[in-house]
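Worksheet for the structure shown next.
Nothing in this text is a laboratory measurement; each read-out follows from the coordinates by a stated rule. Treat the numbers as computed from the prediction; the structure is a model and nothing was measured. With ideal geometry, Cβ positions are generated from the backbone for all residues, glycine too; neighbour counts draw on all protein chains shown.
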Amino acid sequence: MAESHIGTKTEIEDIVKWVLRLIKDGKLDMDGTPEEILKREPLAELVKNIKNIINELNVLEKVVEDTVEEDKKQKMAYFKQECQDKIAAPVEFIERQKREVEEQLRSNKRVLNTLRQKVSDCEKQISDQQNEISQLAAKNLEQEDKLGKLEKARKSECSALQQSKRRIGALL
């Protein structure tokens, strides 16, 4: 078996031209004469070499495709890592700020709830005090009414006493 190798473009073109010339000039009736056999053998060898070259080209194409694919994967991995590295620090910073803001929000909600409770307590205290004031005002009115009646009764008694005193003084 002859060893095949991929020749230069010029070598391949020369072989193709030789095959075309052989086909064109060679009257390949294949009648079995030594001349025909001699013409057929180089052609068969050439076809075998071309098949070997095609196989080698297919292998090389697969190697090139695999190399290109591996190169793509490596570049993708490199740039992916580079992008992740570039955004990792800002993302960590933003996440830290987010946690701080969320903690501040929770703290503010606790303060707000405490203040709401204080407001509610103050409103209840005000309501209780208003009720107490209303009750005291009602009692005050009752007391003023009683005081007014007592004043009237005292004045009436004082007036009656003075009249009795005058009568007694007039009798004496």
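Brief remarks follow.
- HN-Hα J in Hz across segment 95-107 - Karplus 6.51, -1.76, 1.60, θ = phi - 60°, x for Gly and Pro: 5, 5, 4, 4, 4, 5, 5, 5, 5, 4, 4, 4, 4
- Calculated FRET efficiency for the pair Ile133/Asn108, C-beta based, R₀ 45 Å, to 0.05: 0.80
- Pairwise FRET efficiency - Glu45 versus Lys75, Cβ, R0 = 41 Å, nearest 0.05: 0.40
- In summary, the lysines within cross-link reach of Lys72, defined as a Cα separation below 30 angstrom excluding same-chain residues under 8 places away, comprise Lys9, Lys62, Lys80, Lys86.
- Over the C-alpha atoms of segment 41-170, the Rg to Rh ratio, Rh being the Kirkwood estimate, stands at 1.99.
- Length added when fully stretched, Lys152-Asp85, from 0.36 nm per residue minus Cα-Cα: 14.3 nm
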